[in-house]
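J.: What follows is a single structure, and I will ask about it in a moment.
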Amino acid sequence: QSITLPAKKLADITKSLPANSVLQLHKQKEQMVIKSGKSRFTLSTLPPAEFPNIGKIQPTVEFSINQKKLSQILQRTLFAMSQQDVRYYLNGILLEITKDNIRAIATDGHRLAMNNLPSKSSSGTKVQAIIPRKAVLQLTKILHSNSGEVNLSIGPNFLRASCAEYTFTTRLIDGRYPDYNRVIPKQTERN
């Protein structure tokens, strides 16, 4: 039997209970009753058929990378992401993958952050993916708390990060990221 529950509320409930608590779950019509000791919680449910189905990703590029290193390049650029810009493609991080390099770029129109990391991918051409702000923040938390390799699969509309502990899938922002190379000075004078 399948059921859909609000994940954040369920996580908050489990965090509020003592460490070795035993949970009892009972479905009553359109609600889930959760009991533990003297505590009792009631959560609304949704039909499993209404849960979004991501489906299969037809990846354009696939590769493995160290989780902490991927987290680092995202964290080193996320401060420059826009928060609520009408130019929706700036409300995320551009992940640019080439045959032997991965680059994270973020800008809010006033500042630009860019970080590179050597990496081997299955792509012979440059692949770009704009990861939404909320997904970047969640992904950095997940990646930073785990070690080892993570497999990234990037398709035209989705990014999937997976390893033994989890699978994280997000839709990508559909849009064309500005040409960030035009604003980077080619030559600088040093005094």
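Just so it is clear, none of the values below were taken in a lab; they were calculated from the coordinates. None of the values given here were measured: they were computed from a predicted structure.
J.: Counting each DSSP H run of 4 or more residues in the chain as -39500 (n - 2.57), what helix-only mean residue ellipticity at 222 nm follows after dividing by all residues, to the nearest 500 deg cm²/dmol? Don't jump to the answer; show the numbers that get you there.
T.: Numbers: 3 runs with 31 residues, N = 191.
Only helices count here, giving -5000 deg cm²/dmol.
J.: Determine ³J(HN,Hα), in whole Hz, for all residues of segment 133-138 in sequence, where each value follows from phi through the Karplus function 6.51 cos²θ - 1.76 cosθ + 1.60 and θ = phi - 60°; x replaces Gly and Pro.
T.: Each residue of segment 133-138 in turn: 3, 4, 5, 4, 4, 5 Hz.
J.: Can you return the lysines within cross-link range of residue 68? Criterion is Cα-Cα under 26 Å, with same-chain partners fewer than 8 residues away left out.
T.: 8, 15, 99, 120, 126, 134, 141
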